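Read the structure below first, then the notes.
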Amino acid sequence: MTQSIQDAPLIVAGRRFASRLLVGTGKYRDFEETAAAIDASAADVVTFAVRRTNLGQNPDEPNLLDAISPSRYTLLPNTAGCYTAKDAVRTCKLARELLDGHNLVKLEVLGDDKTLYPNVVETLAAAETLVNDGFDVMVYTSDDPIVAKELERRGCCAVMPLGSLIGSGNGLLNPATLALILEHAEVPVLVDAGIGTASDAALAMEMGCDGVLMNSAIAHARHPVMMAHAMRKAVEAGREAFLAERMPRRQSASPSSPFAGRING
Amino acid sequence: MRLLEICFREAAMQIQLNGEPSHFDDEPTLAQLVDSLGLSGRRIAIEVNEEIVPRSLHAQTRLRDGDSVEIVHAIGGG
C-alpha cells in the first residue's frame, strides 16, 4: 500500500503557502546573496524591515524590493526596533502604504535592546489596535502559553513564540512551554527567533509547529545559500516526521531482526 | 530691522525631515519634495505628523511650516 505523504499547505489568515519555512532578509552581504539564499530556501513568505530612507545620499542605490519581488513572494513587514505599541502601529501603517495596501504584518514590540525580548504588554496593545484596523497580525511573542492565548483572542492570525533570543542561535530552549502553546492554540504556531541550525528547525516541526521563521541561522552561516537549502529540507523532514507520528519511546531494547531462525537457535 | 525679520520669517519654512531640520523657500507639495530628493518612482511611504499620506494624495498635499515628515523604505530584516 502506498501511503500518501501529501501535506496540507500552511494557511495563515486565508493565505495558502506551500513552504512552512519563512525567512528574513537581514544580515546578508548584499542583495545578490539575499536573493540566492531565499531562492534556495524555497520560502514563500519573506520578512523585511521599514526604515528611514537615506536622503541626499545615493538615490539610485538598489532597493530590497527589487531583489525580492513582491510579485514572487508574500512580503511580511516587521516592526523590529519598535519598543512601544504606538511605534509598532505606525510602522505597520507605513508598511501597508509601502506595499499598496497589503495588510499582513509581523508584529514585534521589544522590551530592551540587550535581550530583544518581547514586551508583551505593548505587544498585546498593538495587536488589538492593528486587528481593529484591518491588519492580519502574525505576532512575535514570548513562549508563554497564556500570553499566546491572549494574542489569539485579540485576533492575531498566527502566534510566533521565540525558541530563544533573537539572533542567538540557541535553538529551542524550552520545548515544554512550546508544547503547551501548541496544545492549546487554534491559530498557526510558528517558532520565530533562536533557530541555530537544521536540527533546531526540524525539532520545532516534529513537535507540531506549523512553521518556522528564521534569519540569522541562514544569513550568518558561513555558507548561507547551502544553509538555506538545509533549512528547507529540515523543515520538510520535521513536518513529515510529525505527520508520520513517531514511534513510542521505550526503555528496553527491541530487536529489528527476528529471533526466529537464528543459526545458533 | 522689523521688516527684515518679517521677510526672513516668511521666506524660511522649516520642517523636520526624517528627524533632521530642512528649510524651504516656499511650501512644497509632497510630490515636489519627493521629486527634489530624487525619489520619484521609488518604493517609499510617507507620513506627515504621524499620519500616512497615501501616494495618491502626494501631489495635492502641501507641507506647512513645522510639519514633521517621515520617508521610509524597505530594508533587510528578520
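Where a number appears in this text, it was derived from the coordinates with a stated rule and is not lab data. Since this is a predicted model, take the numbers as computed values, not measurements. Heads up, the Cβs are rebuilt from the backbone with ideal geometry, glycines too, and the neighbour counts pull from every protein chain shown.
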Residue-normalised 222 nm signal for chain A, counting each DSSP H run of n ≥ 4 as -39,500 (n - 2.57), nearest 500 deg cm²/dmol, is -10500 deg cm²/dmol
Would you mind checking which residues have amide H under 5 Å from A:Phe48's amide H? H placed 1.01 Å from N; only 5 or more apart, or other chain. A:Leu76, A:Asn78
Ordered by residue, what ³J(HN,Hα) values in Hz, to whole numbers, does the range B:48-57 give under the Karplus form 6.51 cos²θ - 1.76 cosθ + 1.60, where θ = phi - 60° and Gly and Pro are x? 10, 6, 6, 10, 4, 10, x, 3, 5, 10
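When the helix-only estimate is applied to chain B (DSSP H runs of n ≥ 4, each -39,500 (n - 2.57), divided by the residue count), what is the mean residue ellipticity at 222 nm, nearest 500 deg cm²/dmol? Spell out each step's value before the answer.
Values: 2 runs with 17 residues, N = 78.
Helix contribution divided over all residues of chain B: -6000 deg cm²/dmol.
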Would you list which aspartates and glutamates come within 17 Å of A:Lys106, measuring only between C-alpha atoms, while excluding same-chain residues fewer than 8 positions from it? A:Asp44, A:Asp87, A:Glu97, A:Glu122, A:Glu128, A:Asp133, A:Asp136, A:Asp143, A:Glu150, A:Glu152, A:Asp192, A:Asp210
Once you have the alpha carbon radius of gyration of the range A:31-189, what is it after dividing by 2.2 N^0.38 Å, with N set to its residue count? 1.07
Go ahead and set up a Gaussian network model of chain A, Cα springs under 10 Å, then flag whichever of A:Ala125, A:Ala37, A:Ala228 fluctuates most. A:Ala125
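What does the net charge come to around B:Gln16 if you take all other residues with beta carbon closer than 10 Å to its beta carbon, with K and R at +1 and D and E at -1?
On the way: positive: none; negative: B:Glu20, B:Asp67, B:Glu70.
Residues near B:Gln16 contribute -3 overall.
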Under a cut-off of 23 Å between alpha-carbon atoms, report the lysines in cross-link reach of A:Lys233, not counting same-chain residues fewer than 8 places apart. A:Lys27
Under 5 Å from the placed amide H of B:Thr29, counting only residues 5+ away or on other chains, we find B:Leu63
Between the range A:199-244 and the range A:8-44, how many Å separate their Cα centres? 12
Could you run the Karplus curve 6.51 cos²θ - 1.76 cosθ + 1.60 with θ = phi - 60° over the range A:110-124 and give me ³J(HN,Hα) per residue in whole Hz, x for Gly and Pro? 8, x, 7, 8, 8, 9, 6, 6, x, 8, 6, 5, 5, 5, 4
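List the GluC sites (Glu not before Pro) within the range B:18-78 that fall in a DSSP loop (any state other than H, G, I, E or B) and whose Cβ has at most 12 other Cβ atoms within 10 Å.
On the way: sites: B:Glu47, B:Glu50, B:Glu51, B:Glu70; in loops: B:Glu50.
In loop regions of the range B:18-78 (DSSP not H, G, I, E or B), the sparsely surrounded GluC sites (Glu not before Pro) are B:Glu50.
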Pick from A:Val225, A:Val121, A:Val89 the residue whose mean-square fluctuation is largest in a GNM of chain A, springs joining Cα atoms under 10 Å. A:Val121
Enter the mean number of other protein chain beta carbons within 10 Å of the beta carbon of each residue in B:53-61, as an integer. 1
